[in-house]
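**Student:** Mind looking over this structure? Questions follow.
Values in this text are rule-based calculations from the coordinates and carry no lab data. Because the structure is a prediction, the values reported are computed rather than measured.
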Ligand code: HEC
Ligand SMILES: [Cu+2]
């Protein structure tokens, strides 16, 4: 009886061991693309600092609990044959004060840095010299605009390093949540409301983002990328995006594709500057400058692009783009055109 009890107690540690193994396994992978523990912006740094601070208090609490537990079991427990003592607990003023004020003190030490971080991030107006970016969440892709310019792009946000980025968040339909773990905390995108987020990215690179609020069938396929550029790279990118679309040389497959596009139902939903105006789907004026398509779930190459146009719903359940029955050379030319739109 006694042995079985002991064994059961031991197996109770198994979940703890599993959890620890999982955490350690997660730490081993160098630079995973969505890592909050490798902050790459000031906002992400604040959150990381808060995490470390709160964890330190947690460990302190753990230490107190373990010490109290050991004392209770080995020092203050009733021995065999010992008579039950009158309760000391409810008569010892110091003990009562300690366990009332102790937790209150620890809660205070956790809430002060938390509230400080919240206020640091909640600015009433954009910081000086900030780049304004307007994000519009759609089921199931992200639209990015740069107020004051003609730039409209999708799923891949370009920003310069070392400059405050003031992000305004709107939604075209339901609630979504904007989250780039390496660059900062989540912010919900709520119908009828504009939310803000700001940060200063400090390391050029490519960072992964993900919608973090369940928003329907393809919620998990609503991903995006943030490219933190050097100021020179960003200026070049901005200049190219503001220019009109590339005109394919006549006689090429791309030129044939351009004619197919201009006369297709694609124009009802997709804008290509000077060619079509549609707002249901991503702007395609410079689609060939993007590395991914369809909420960053597929590569932007002829193979994936073809598969996407052939049957969007098969690749992204619920996608708001219909299958239009294009195939053969027609589809090849259309894809050649899209891939020419640098
Ligand atoms: C009814 C509106 C509609 C029509 C018509 C339509 N699309 Fe789309 N398209 C969308 C939507 C919405 C998306 C975004 C889907 C997603 O990622 O969830 C999309 C995505 C795309 C993308 C990926 C863009 C990116 O950057 O992620 C391409 C390329 C594309 N469409 C091309 C076409 C072509 C070519 C046609 C015509 C054969 C077409 N679409 C017809 C609505 C439409
Ligand atoms: Cu979403």
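**Student:** Specify whether the C-alpha gyration tensor of the range 169-263 places it in the rounded, prolate or oblate class, a ≥ b ≥ c being the square roots of the eigenvalues: rounded for a/c under 1.5, otherwise prolate if a/b is larger than b/c and oblate if not.
**Tutor:** Numbers: a/c = 2.53, a/b = 1.48, b/c = 1.70.
Oblate, because a/c is 1.5 or more while a/b does not exceed b/c.
**Student:** Still on this structure, I have one more. Quick one: helix 93-121 against the long Cα principal axis of the chain, what's the angle to the nearest 10°, folded into 0 to 90?
**Tutor:** With rounding to tens, the tilt is 10 degrees.
**Student:** Could you tell me whether the range 285-329 comes out rounded, prolate or oblate from its Cα gyration tensor? Rule is a ≥ b ≥ c as square roots of the eigenvalues, rounded for a/c under 1.5, then prolate if a/b exceeds b/c, otherwise oblate.
**Tutor:** Working: a/c = 1.84, a/b = 1.22, b/c = 1.51.
Because a/c hits 1.5 or more and a/b fails to exceed b/c, the range 285-329 counts as oblate.
**Student:** A further question follows. To check my understanding: the extent here is largest minus smallest coordinate of the Cα atoms along each principal axis. What are those three numbers for the chain, in Å, largest first?
**Tutor:** The Cα atoms of the chain stretch 102, 53, 37 Å along the principal axes, largest first.
**Student:** How far is helix 253-262 tilted off the main Cα axis of the chain, in degrees rounded to 10, range 0 to 90?
**Tutor:** The two axes meet at around 80 degrees.
**Student:** State the three equivalent ellipsoid semi-axes of the range 253-340, derived from the C-alpha gyration tensor as the square roots of 5 times its eigenvalues, in descending order and whole Å.
**Tutor:** Values: eigenvalues 60, 43, 37 Å².
Equivalent ellipsoid of the range 253-340: 17, 15, 14 Å, largest first.
**Student:** Say we join alpha carbon atoms closer than 10 Å with springs in a Gaussian network model of the chain; which of 290, 79, 327 then has the biggest fluctuation?
**Tutor:** Looking only at 290, 79, 327, the largest GNM fluctuation is found for 79.
**Student:** Next up: Quick one: P(r) of the range 208-261 from all Cα-Cα pairs, 10 Å bins, percents rounded to integers, in order of increasing distance.
**Tutor:** Histogram of Cα-Cα distances, whole percents per bin: 18, 21, 26, 31, 3.
**Student:** Still on this model: Take the alpha carbon gyration tensor of the range 87-213, find the square roots of its eigenvalues, order them as a ≥ b ≥ c, and report rounded if a/c is under 1.5; if not, report prolate when a/b exceeds b/c, else oblate.
**Tutor:** Details: a/c = 3.25, a/b = 2.51, b/c = 1.30.
Cα axes put the range 87-213 in the prolate bin.
**Student:** Against the longest alpha carbon principal axis of the chain, how many degrees, from 0 to 90 and to the nearest 10, is the axis of helix 328-340 turned?
**Tutor:** Value to nearest ten degrees: 70.
**Student:** Among DSSP beta bridges whose residues both lie in the chain, state the antiparallel percentage, nearest 5.
**Tutor:** Working: 27 of 39 bridges.
Close to 70 percent.
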